[in-house]
1. Looking only at the range 109-133, count how many residues are assigned to a loop (DSSP other than H, G, I, E, B) and touching a residue at least 40 places away in the same chain (Cβ under 8 Å).
2. Looking at the range 1-40 only, could you name the residues that are under 18 Å from VAL126 (Cα atoms), touching a Gly at 6+ places or on another chain (Cβ under 9 Å) and in a strand (DSSP E or B)?
3. Looking at (1) of a type outside the set (Lys, Arg); (2) touching a strand residue (DSSP E or B) at 6+ places or on another chain (Cβ under 9 Å); (3) surrounded by 20 or more Cβ atoms within 10 Å (Cβ to Cβ); (4) closer than 22 Å to MET40 by Cα, can you tell me which one SER174 breaks?
4. Read through the list (1) under 24 Å from ASP133 (Cα atoms); (2) buried (at least 22 other Cβ atoms within 10 Å of the Cβ), then give the number of the only condition that VAL27 fails.
5. Of the residues VAL111, VAL67, only one is of a type in the set (A, V, I, L, M, F, W, C), at pLDDT 95 or above, more than 12 Å from the chain's Cα centre (by Cα) and over 30 Å from ASP21 (Cα atoms); which?
6. Considering every residue within the range 100-108, establish whether at least one is crowded, with 17+ Cβ neighbours inside 10 Å, touching a residue at least 24 places away in the same chain (Cβ under 8 Å) and in a helix (DSSP H, G or I).
7. Looking at this structure, is GLN73 touching a residue at least 40 places away in the same chain (Cβ under 8 Å) and either surrounded by fewer than 20 Cβ atoms within 10 Å (Cβ to Cβ) or not in a loop (DSSP other than H, G, I, E, B) (or both)?
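The values are calculated or read from the model by the stated rules, or taken from the named source; none is laboratory data. Note that this is a predicted model, so its numbers are computed, not measured. FYI the Cβ positions are ideal-geometry reconstructions off the backbone, even for glycines, and counts take in every protein chain you see.
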Amino acid sequence: MSLMIPAETVQLEAQLRKPKDTAIGAVVVCHPHPVYGGTMDNRVVYRAAKAATESGYISLRFNFRGVGQSTGQFDQGIGEKEDVAAVIRWLEKEYPALPLALIGYSFGAWVGLQVGCSVRSVKAMVGLALPLDLYDFEFLIGNSKPSLYIVGTRDEFCSPENLDRLARRLPTSSSLHKIEGAEHFFAGQVEVMESLVGDFFSTLRLNRDTA
């Protein structure tokens, strides 16, 4: 289902997909960097959303401002955080009984996970290909929500040193999975990523009203 979602002064193009059976939650999926061709139709984004939907979650992919049919222009991650917050508010209104989760890939992980950490209705998060060499992810250290981070051992934007440094400081509510030999785009490994995301959502037991 194609949608346009309002976010302050812009309109965001989005795609909603529902599971075959009754939904047990809803997931916002954030795409990689707009300046370098990232869109909601990115293969990793699409497959991650598909994994969540097949696990019983409504998935909502969207284009950040200035991408595709979304209005506005790239805003260095500032306006993009408002985009994420607006999409979350839309889901809260449309599905008030469902717990929410968030998936972010690369730049989308940096922007999306920041918002997800601060919004009470987001109960769980997935970060794909965290670009630790490019952005500060220190905010994840204090995150108490069930979270999965998936990174390839050959990711060009996530050095082993930075990944190990983060891993040592993550709370017990978070888990980190390294895909051996995978690079930033999960070329040849997207099925492994999809399976890990599906397993994560299949085993979640979220409640809309818990903190």
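1. Of the residues in the range 109-133, 4 are assigned to a loop (DSSP other than H, G, I, E, B) and touching a residue at least 40 places away in the same chain (Cβ under 8 Å).
2. GLY25, VAL28, VAL29, CYS30
3. Going through the list (1) of a type outside the set (Lys, Arg); (2) touching a strand residue (DSSP E or B) at 6+ places or on another chain (Cβ under 9 Å); (3) surrounded by 20 or more Cβ atoms within 10 Å (Cβ to Cβ); (4) closer than 22 Å to MET40 by Cα, SER174 breaks only (4).
4. Of (1) under 24 Å from ASP133 (Cα atoms); (2) buried (at least 22 other Cβ atoms within 10 Å of the Cβ), only one is false for VAL27: (1).
5. Going through VAL111, VAL67 in turn, just one is of a type in the set (A, V, I, L, M, F, W, C), at pLDDT 95 or above, more than 12 Å from the chain's Cα centre (by Cα) and over 30 Å from ASP21 (Cα atoms): VAL67.
6. Scanning the range 100-108 turns up at least one residue that is crowded, with 17+ Cβ neighbours inside 10 Å, touching a residue at least 24 places away in the same chain (Cβ under 8 Å) and in a helix (DSSP H, G or I).
7. It is false that GLN73 is touching a residue at least 40 places away in the same chain (Cβ under 8 Å) and either surrounded by fewer than 20 Cβ atoms within 10 Å (Cβ to Cβ) or not in a loop (DSSP other than H, G, I, E, B) (or both).
Here's the yes/no breakdown for (1) among the small types (Gly, Ala, Ser); (2) not in a helix (DSSP H, G or I):
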{"site": "ALA167", "(1), (2)": "yes, no"}
{"site": "THR172", "(1), (2)": "no, yes"}
{"site": "LYS178", "(1), (2)": "no, yes"}
{"site": "GLU183", "(1), (2)": "no, yes"}
{"site": "PHE186", "(1), (2)": "no, yes"}
{"site": "VAL197", "(1), (2)": "no, no"}
{"site": "PHE200", "(1), (2)": "no, no"}
{"site": "ARG205", "(1), (2)": "no, yes"}
